[in-house]
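Enquirer: I am attaching a structure below and will ask some questions about it afterwards.
The values are calculated or read from the model by the stated rules, or taken from the named source; none is laboratory data. This structure is a prediction, so every number in the text was calculated from the model and none was measured. All Cβ positions, even for glycine, are placed from backbone atoms using ideal geometry, and neighbour counts span all protein chains on display. Surface areas here come from the heavy atoms of the whole protein model, side chains and all, with no ligands, DNA or RNA. Shrake-Rupley method; radii C 1.70, N 1.55, O 1.52, S 1.80 Å.
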Amino acid sequence: MKPTRIIEICANSAQSCVEAEAGGAKRVELCAGIPEGGTTPSYGEIKTAQALTSTIDINVIIRPRGGDFLYTPAEIDAMLLDIELCKQLKVHGVVFGCLTKEGDIDVPLMRRLIEAAKPLSVTCHRAFDVCRDPFAALEQLIELGCDRILTSGQQSDAVKGIPLIAELVRRADGRIIIMPGCGVRENNIAKLEAETGAKEFHTSARSIVYSKMEYRNENVPMGSSIVSSEFETVETDRNKVAAYL
């Protein structure tokens, strides 16, 4: 029997978690700050996601800010407190990654965070994609006891990263899950699956949600110029999720 394809959704809200579950995803990575690559969501967002779903696994990203993955003592303290909160809330897992200034996995810090997270599942996020030596990092993360690595194969998207992802899957040999992410779409997931041997995939499956505001002042942006309109957001779409399965 062919192994079942597992879909993890990068969920930007509690409602996206609802959509992910309705579409048949196995798991979500719940994040705030999507334009920054994902930051730790609020207590309220996590609790609401739990209240509105019943079967989907909720993993919470532990990332205090955007930018690099070299953290200060104050940031580490915040990460430990967020991990403790996730344990109290009994989420399925947490997602984090830490590097040294030389670009290697920060093994002592990762060990400290993983120990703090037990018994939650731990995924190393795409900090892996900017580490210096992916094969050394692979072995370190296996030794540390991480459950999976989210990776684009150290490229701008997972399709371009297929050669490295395939080699990581081969070297991992079942000791850790290699999960392609970034640019995974319904029209390329079969190619990624066939050419890498991966069985878990990370995607957003979002659609634009238009504001119901009738009065609109379009001249006062609330955030970065990257945002095209204050009257559009994005949300996971259950129909798009189902297309991956």
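Enquirer: How far apart, in nm, are the 7 Å Cα→Cβ label points at V234 and E84?
Expert: The answer from the label model is 3.5 nm.
Enquirer: Here's something else I'd like to know. Any number yet on Rg/Rh for the stretch 71-183, C-alpha, Kirkwood?
Expert: Computed over Cα atoms, the ratio is 0.97.
Enquirer: In the chain, which longest range has no GluC sites (Glu not before Pro) that are both DSSP loop (not H, G, I, E or B) and surrounded by at most 12 other Cβ atoms within 10 Å?
Expert: Counting at most 12 other Cβ atoms within 10 Å as exposed, the longest clean stretch of the chain is 103-213.
Enquirer: Multiplying the sequence separation of R216 and K191 by 0.36 nm and subtracting their Cα-Cα distance, what value in nm do you get?
Expert: Extra length from R216 to K191 when fully extended: 4.7 nm.
Enquirer: Nearest 500 deg cm²/dmol is fine: what mean residue ellipticity at 222 nm does the chain get from its DSSP H runs of n ≥ 4 alone, each adding -39,500 (n - 2.57), divided by its residue count?
Expert: So the calculated ellipticity at 222 nm is -10000 deg cm²/dmol.
Enquirer: What does the charge count around I114 come to, taking other residues whose C-beta lies under 15 Å from its C-beta (Lys +1, Arg +1, Asp -1, Glu -1)?
Expert: Counting the neighbours of I114, the net charge comes to -1.
Enquirer: Still on this structure: Give the distance, in whole Å, between the Cα centre of the stretch 130-162 and the Cα centre of the stretch 53-96.
Expert: Their Cα centres are 19 Å away from one another.
Enquirer: Turning to a different aspect of this structure: Leaving out ligands, DNA and RNA, and with a 1.4 Å probe, what % of the accessible surface on the stretch 117-205 is carbon or sulfur?
Expert: Looking at the stretch 117-205 in its full context, I get 49 percent from C and S.
Enquirer: Calculated from the structure, P(r) over Cα pairs in 10 Å bins from 0, in percent equals which of [x] 7, 32, 33, 18, 8, 1, 0; [y] 7, 31, 37, 20, 4, 1; [z] 8, 33, 40, 17, 2?
Expert: Comparing each candidate, only [y] matches the computed number.
Enquirer: Using the Cβ atoms and a cut-off under 14 Å, what net charge is assigned to the surroundings of I177, where Lys and Arg are +1 and Asp and Glu are -1?
Expert: So the surrounding residues net to +1.
Enquirer: Right, something else. In terms of modelled amide H atoms, which long-range or inter-chain residues lie less than 5 Å from the amide H of A11?
Expert: The answer is E29, L30, C31.
Enquirer: Related question: Could you work out the local net charge near F69, counting Lys and Arg as +1, Asp and Glu as -1, over the other residues with Cβ closer than 13 Å to its Cβ?
Expert: -2
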